[in-house]
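Below: one structure, written as structure tokens.
The values are calculated or read from the model by the stated rules, or taken from the named source; none is laboratory data. The model shown is predicted, which means the values in this text are computed figures rather than measured ones. Cβ coordinates were reconstructed from backbone atoms using ideal geometry, including for glycine residues, and neighbour counts include every protein chain displayed.
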Amino acid sequence: MNDLKGLDIGGPRFPGVTVKTGTGYDLTGGGADIWGQLDQFHFAHLVHRGDFDFQVRVEALGESHAYTKAGIMVRESLEAGAVHVFHLVFPDNRPRNNNSGGYEAQTRASTGAACTAVYPPLKGVGPIEFPVDFPQVWLRLTRKGDHWTAWSANDGKTWKVYAQLSLTLPVQVYLGLGLTSHDDAKMVQARFREVRLN
């Protein structure tokens, strides 16, 4: 695959940085959030046409806020309010509103619209169904036309479906890795390794 190019979306206070490593990328970024009607984050991306299978291991994710986010991002454009699919992880497994684990999948269905999210099933007892356990946190997002499947794994081999989504996006999209600190006054780092695009 071609190298990913770093770009700040939505005008974060501090410029982000993308550094290529042996099998992945180190991202440093700020931004208020990837949510609501407008996003503010750092995006390491390339232009991709057609279906794909994108996999990555999140080795580490810093924390400036409970809602610091990092993961696989697909966008219709590089504008702040673009239609997108974002399969992400948080820094830990604490409860977050309707979320009972460390993974999440979110979409924005039309330009400038509010985002929606898919949450893991809420459980009163028992183990968390989709926990994060760095450095073995794997994300996978596949596209088949307008059908999207988000997966999780702790070994990069045994994949479990997190969410299945239907969302119309152009054949050509911006695909890559997104990071937001959720606190525009602070920067965080995410280490992505074993990046695979098929």
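Observations, loosely collected:
- Residue 192 being in a loop (DSSP other than H, G, I, E, B) and touching a residue at least 40 places away in the same chain (Cβ under 8 Å): no
- Among the residues of region 168-198, those that are surrounded by fewer than 20 Cβ atoms within 10 Å (Cβ to Cβ) and either farther than 23 Å from residue 77 by Cα or within 16 Å of the chain's Cα centre (by Cα) (or both) comprise 183, 185, 186, 189, 191, 193, 194, 196, 197.
- Consider region 53-82 and keep the residues that are touching a Leu at 6+ places or on another chain (Cβ under 6 Å) and surrounded by fewer than 23 Cβ atoms within 10 Å (Cβ to Cβ). The one that is farthest from residue 7 (Cα to Cα) is 54.
- In summary, strands (runs of 3 or more DSSP E) completely within region 1-98 and bearing 1 or more residues that are on the phi < 0 side of the Ramachandran plot, more than 15 Å from the chain's Cα centre (by Cα) and not β-branched (Val, Ile, Thr) occur at 5-9, 17-20, 41-49, 52-61.
- Taken as a whole, region 117-128 holds no residue that is aromatic (Phe, Trp, Tyr) and modelled with pLDDT of 95 or more.
- Pairs are defined by a Cβ separation below 6 Å, a sequence spacing of at least 6 or placement on different chains, a first member in region 10-24 that is of a type in the set (Val, Ile, Thr), and a second member that is modelled with pLDDT of 95 or more and surrounded by 15 or more Cβ atoms within 10 Å (Cβ to Cβ); the pairs so defined are 17/28; 18/6; 18/25; 18/27; 18/44; 19/26; 23/193.
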